[in-house]
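**Q** Just passing along the structure, written as structure tokens.
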Amino acid sequence: MRFASDQRIWLISVLILLLLAVFSPQQAIQSGQFAIAAVFHIAPYLVFSIGVAAYANASGADNLIARAFTGAPAVMILLGAFAGGLSPFCSCGVIPLIAALLTMGVPLSAVMAFWLASPIMDPSMFFLTSGVLGLEFAVAKTLAAIGLGLFGGTVVHMLSRSGSLSDPLRDGIGNGGCGGAKIRAPHPVAWRFWLEEQRRGKFVATARDTTLFLAKWLLLAFILESLMLAWIPAETVSRVLGGTGLGPIMTATLVGVPAYLNGYAALPLVGGLIEQGMSPGAGLAFLVAGGVTSVPAAMAVWALAKARVFLLYIGLSLSGAFATGLVFQLWQAV
């Protein structure tokens with residue numbers, strides 16, 4: 001029973017593939033290939049972020065990172081939002097850093113600002129968005145990422161005053177409250193941690209545990225994403241998101257919740273919808289909501305954070321996406 005509980009995510013992925021192999025062998029092959037390709041695509045970001053998290057833990061550099069997030073809440077939220085909106089990390093690759101920050105005792109408000117902003121925009125996405133949808137849309141999407149981070153961080157800060165958001169991580173992943181000791185009583189940093197056997201072991205253990213944790217959840221997330229791609233045609237999304245006015249912005253926000261397209265694949269679809277008459281505001285709302293709440297991103301948050309934090313993450317994503325779409329639509333009308 002304990003083995004099944006510990007390995008249940010792996011078992012679910014295997015069960016899905018087995019069922020597909022029985023009832024739809026071709027889809028089983030396609031889903032497996034899709035999941036493997038997706039993992040390899042984000043591998044550079046994952047390797048880098050896992051390495052950073054493991055190095056910070058082994059060397060004690062997390063003390064300095066934690067201390068950098070001390071000070072006025074407004075400054076920390078601003079820092080988190082800008083760092084997330086401009087960082088090159090995808091929604092999955094940033095998870096090890098998020099876990100490390102929360103374990104260090106960094107306030108959830110600053111981490112949430114980073115968390116919400118990160119999936120929406122990165123340098124390569126900016127240039128691709130400019131090429132497909134224009135520079136104005138790319139700038140609007142960047143501002144939406146930073147604005148959503150600021151909005152989410154501020155809301156979380158206000159809610160945190162009641163203590164309802166303490167210990168946001170799931171059991172066994174870390175404890176932000178205990179990690180706060182790294183801020184209150186920092187220890188010297190051993191930059192060349194590999195000179196000490198104990199620290200080398202700590203690095204290996206952190207990297208191993210983080211890799212296995214991400215692998216099992218990402219495999220399941222990408223298998224589910226492949227099924228959505230196969231069974232929910234893009235034409236269906238096109239019909240639902242067409243039109244102008246306030247209604248399509250709301251619809252685009254809600255449709256973006258289970259968005260099955262990654263940020264790069266969604267750009268041509270949105271460009272085509274805008275040419276067919278969809279408002280730019282609805283297009284922006286779809287991209288923002290889809291980026292933050294897509295299957296891989298949402299499952300990564302679910303795996304890492306407790307249910308109340310996950311629901312808050314979704315709520316902030318939806319309200320923020322709708323607001324950014326509405327503001328951009330008003331800007332277009334001026």
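The values are calculated or read from the model by the stated rules, or taken from the named source; none is laboratory data. What you see is a predicted model, and the numbers here were worked out from it, not measured in a lab. Just the protein is used for accessible areas: all its heavy atoms, side chains included, with ligands, DNA and RNA removed. Shrake-Rupley method; radii C 1.70, N 1.55, O 1.52, S 1.80 Å.
**Q** Residue 36 to residue 195: extension gain in nm, 0.36 nm per residue of separation minus the Cα-Cα distance?
**A** Going from the current span to full extension adds 53.7 nm.
**Q** Per-residue HN-Hα couplings for region 17-27, Karplus 6.51 cos²θ - 1.76 cosθ + 1.60 at θ = phi - 60°, whole Hz, x for Gly and Pro?
**A** Result, ordered by residue: 5, 5, 5, 5, 4, 7, 9, 8, x, 5, 5 Hz.
**Q** OK, next. Step through the residues of region 150-158 one at a time and calculate ³J(HN,Hα) from phi using the Karplus curve (6.51 cos²θ - 1.76 cosθ + 1.60, θ = phi - 60°), rounding each to whole Hz and writing x for Gly and Pro.
**A** 5, 4, x, x, 5, 4, 5, 4, 5
**Q** With every protein chain left in place, what is the accessible area of residue 195 in Å² (1.4 Å probe, nearest 10)?
**A** 110
**Q** I've got another one for you. Under 5 Å between amide H atoms, partner at least 5 residues away or on a different chain: which partners does residue 305 have, H built in plane at 1.01 Å?
**A** Sorted by chain and number, the residues that satisfy this are 170.
**Q** Using a 1.4 angstrom probe with every protein chain in place, what is the largest-first accessible-area order of 216, 141?
**A** 216, 141
**Q** Starting from the residue with the highest accessible area, list 136, 225, 275 in decreasing order, probe 1.4 Å.
**A** 275, 136, 225
**Q** With a 1.4 Å probe and every protein chain left in place, tell me how much accessible area residue 10 has, in Å² to the nearest 10.
**A** In the full protein context, residue 10 sits at about 80 Å².
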